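*Asks:* Mind having a look at this structure? Questions to follow.
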Amino acid sequence: ANTAWAFATLSLPDSDLMDEILAEVISKVNDFATQNLANTAWAFAKLGLWNERLMETLAQAAVRKIKDFDAQGLANVMWSYAVLGFRSERLNKAILPAVLDKIDRREFGIQELANVAWAWDVTGDEQRLFPFLQTAVGRFIEVEGFTDAAACTDMANIVRLRNAGFRGQDQLDREFRNRFFWPMVKAFKECADPQHGEDLAQAVEDLEAAVKELGLTNFGHAYAREAFRSIGFQIADEEHPPDWKEAARKMAREHLEEWRIPGTENIIVVFSYEVWHQGKSMAKEPTVVPSGWAEAVHEEVKSLLRPVDARGWSCESYSERVAFMELMEAARDEFGDDCMTELTGWVRLYHSHHTSITGCAIFCQFRRQAPKVTVELDYDSGWYTWAGEPRKFTALSDKEESLFYYA
């Protein structure tokens, strides 16, 4: 278990070694402490290694030792099963009372509360999610969960999506908005406004400072639409998607081929535009743009769309940045280096996963340089869907089996 945890922490997916670990885990799982069970599940989820037999074995062992888990162990187990797309009715049934008991004992912290909520939300287990949130939201506020940007974003988005009158729901929404949402929107609007600040470089530096101070990495699935509209971009209501979104979803599914864990290499955009400059036009039909290094784009253009991230990640290869860099490169080639401020027309971008703060920063930098171009956006959440198609989960067997054969 510790070896698997170490390789996952370092993001080293040695498949041969993990196969050997898998066999050892299945044969010796009855000897595992709860931390070993949690670490093993977490390691395979972190590396995206899908094995039904392993997860059934771990689930059965976890149920037998459920009272021995600490809060972090319970949260890590749930997070791992949700990431890999497994559902265990027996495990979830055992975990709910254990979680509620530990919340009553004040043993659950910010991250654990958010991870449990996220796991049951992603897997659609409302039977456990709703009673959990009735208790967890109040506890989250009590421990000042809004001091953690990532955890607060997850919890606020889940509560807003479910919107079932949970105790503390309004306060959580208010805290998220006042501490993160509105300050971040304000920083983005200033970056996108060509009249604000000295120049692009200073505007991006100011935005970067705000992002790092707030620690926000995304607005979340539920709040992103409101954020985009507040900044000044066009986006339809989720219940009334535009025709072009459905076509973009289909292209995205054909490219991705199947649902995959959201990550830089598996998050794509479908991009199209039609722009004009002094009577001349240039257009691009809807095209899938994956992540990459945009090697055909000049360094000068790359410097005009700088990646910004609270974690200090480079984010240079994000698909939305690649798409806008290629547009700017083409426009400058066609109309001249100084064309951007007088460029008119429209851009449409569909994202297979809700856009990060880095992506929002790219949109705002483009808006600052091409203020007369309409930017229309839409997205899905990659944890819930495969480009619009509901994500499928694997129901694990709850049948208790003898492990003598594997020993």
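*Asks:* Can you run down the residue pairs with Cβ atoms below 6 Å, 6 or more apart or on separate chains, where the first is in the stretch 96-125 and in contact (Cβ under 8 Å) with a residue 40 or more places away in the chain and the partner is assigned to a helix (DSSP H, G or I) and aromatic (Phe, Trp, Tyr)?
*Replies:* Pairs found: Leu113/Phe140; Asn115/Trp79; Ala119/Trp79.
*Asks:* Being of a type in the set (Gly, Ala, Ser) and within 22 Å of Glu254 (Cβ to Cβ) is the filter; apply it to the stretch 304-354 and report the residue that is surrounded by the fewest Cβ atoms within 10 Å (Cβ to Cβ). Explain how you work it out, then say what you get.
*Replies:* Start the filter on the stretch 304-354 by keeping residues that are of a type in the set (Gly, Ala, Ser), which leaves 310, 312, 314, 317, 319, 323, 330-331, 336, 345, 352.
Those left that are additionally within 22 Å of Glu254 (Cβ to Cβ): 317, 319, 323, 352.
Working: Ser317: 15, Ser319: 25, Ala323: 28, Ser352: 27.
Selected residue: Ser317.
*Asks:* Of all residues in the stretch 37-78, which are open to solvent by 10 Å² or more (accessible area, probe 1.4 Å) and outside any helix (DSSP H, G or I)?
*Replies:* Selection gives Leu47, Gly48, Leu49, Trp50, Asn51, Lys65, Asp70.
*Asks:* Can I ask one more? When you go through (1) in contact (Cβ under 8 Å) with a residue 60 or more places away in the chain; (2) closer than 25 Å to Asp154 by Cα; (3) touching a Ser or Thr at 6+ places or on another chain (Cβ under 8 Å) one by one for Pro307, which number turns out not to apply?
*Replies:* Only one criterion is unmet by Pro307, namely (1).
*Asks:* Look through the stretch 234-270, keep the residues that are among the small types (Gly, Ala, Ser) and in a helix (DSSP H, G or I), and return whichever of them is most open to solvent (accessible area, probe 1.4 Å).
*Replies:* Ala247
*Asks:* Still on this structure, please answer the following. Give the residues of the stretch 79-95 that are crowded, with 18+ Cβ neighbours inside 10 Å and either in a helix (DSSP H, G or I) or more than 20 Å from the chain's Cα centre (by Cα) (or both), sorted by residue number.
*Replies:* Selection gives Trp79, Ser80, Tyr81, Ala82, Val83, Leu84, Ser88, Leu91, Asn92, Ala94, Ile95.
*Asks:* What single numbered condition from (1) over 21 Å from Ala222 (Cβ atoms); (2) part of a helix (DSSP H, G or I) fails to hold for Val137?
*Replies:* (1)
*Asks:* Does Ser397 count as at pLDDT below 95 and either closer than 26 Å to Asn266 by Cα or open to solvent by 20 Å² or more (accessible area, probe 1.4 Å) (or both)?
*Replies:* Values: at pLDDT below 95: yes; either closer than 26 Å to Asn266 by Cα or open to solvent by 20 Å² or more (accessible area, probe 1.4 Å) (or both): yes.
When the stated conditions are applied, Ser397 passes them.
*Asks:* Okay, moving on. Which condition does Trp293 not pass, out of (1) touching a residue at least 60 places away in the same chain (Cβ under 8 Å); (2) out of contact with any helix residue (DSSP H, G or I) (no Cβ under 6 Å at 6 or more places or on another chain); (3) within 29 Å of Val83 (Cα to Cα), if it passes all the others?
*Replies:* (1)
Here is a yes/no grid of residues against (1) of a type in the set (A, V, I, L, M, F, W, C); (2) closer than 18 Å to Gly73 by Cα:
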| site | (1), (2) |
| --- | --- |
| Ile103 | yes, yes |
| Phe108 | yes, yes |
| Gln111 | no, yes |
| Ala119 | yes, yes |
| Phe132 | yes, yes |
| Asp154 | no, no |
| Arg160 | no, no |
| Asn163 | no, no |
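*Asks:* Any residue at all in the stretch 94-102 that's touching a Phe, Trp or Tyr at 6+ places or on another chain (Cβ under 7 Å) and either at pLDDT below 95 or polar (S, T, N, Q) (or both)?
*Replies:* Within the stretch 94-102, none of the residues are touching a Phe, Trp or Tyr at 6+ places or on another chain (Cβ under 7 Å) and either at pLDDT below 95 or polar (S, T, N, Q) (or both).
*Asks:* Here are some residues: Arg321, Arg306, Arg348, Arg332. Which one is of a type in the set (Lys, Arg), in a strand (DSSP E or B) and on the phi < 0 side of the Ramachandran plot?
*Replies:* Working: Arg321 fails: in a strand (DSSP E or B); Arg306 fails: in a strand (DSSP E or B); Arg332 fails: in a strand (DSSP E or B).
When all the criteria are applied, what remains is Arg348.
*Asks:* Let me ask you something else. For the stretch 271-286, check the following and say yes or no: at least one residue is part of a loop (DSSP other than H, G, I, E, B), within 29 Å of Phe180 (Cβ to Cβ) and open to solvent by less than 40 Å² (accessible area, probe 1.4 Å).
*Replies:* For the stretch 271-286, residues part of a loop (DSSP other than H, G, I, E, B), within 29 Å of Phe180 (Cβ to Cβ) and open to solvent by less than 40 Å² (accessible area, probe 1.4 Å): absent.
*Asks:* Hey, another quick one. May I ask you to verify whether Ala136 is closer than 22 Å to Met78 by Cβ and in contact (Cβ under 8 Å) with a residue 60 or more places away in the chain?
*Replies:* no
*Asks:* Test Thr135 against the criterion of being under 19 Å from the mean Cα position of the chain (by Cα) and within 26 Å of Ala71 (Cα to Cα), and give yes or no.
*Replies:* Details: under 19 Å from the mean Cα position of the chain (by Cα): no; within 26 Å of Ala71 (Cα to Cα): yes.
Here the answer is no, as Thr135 does not meet what is asked.
The values are calculated or read from the model by the stated rules, or taken from the named source; none is laboratory data. These figures come from a predicted structure and were not determined experimentally. Ideal geometry is used to build each Cβ from the backbone, glycine not excepted, and the neighbour counts take in all protein chains shown. Side chains included, ligands, DNA and RNA excluded: accessible areas come from the protein's heavy atoms. Shrake-Rupley method; radii C 1.70, N 1.55, O 1.52, S 1.80 Å.
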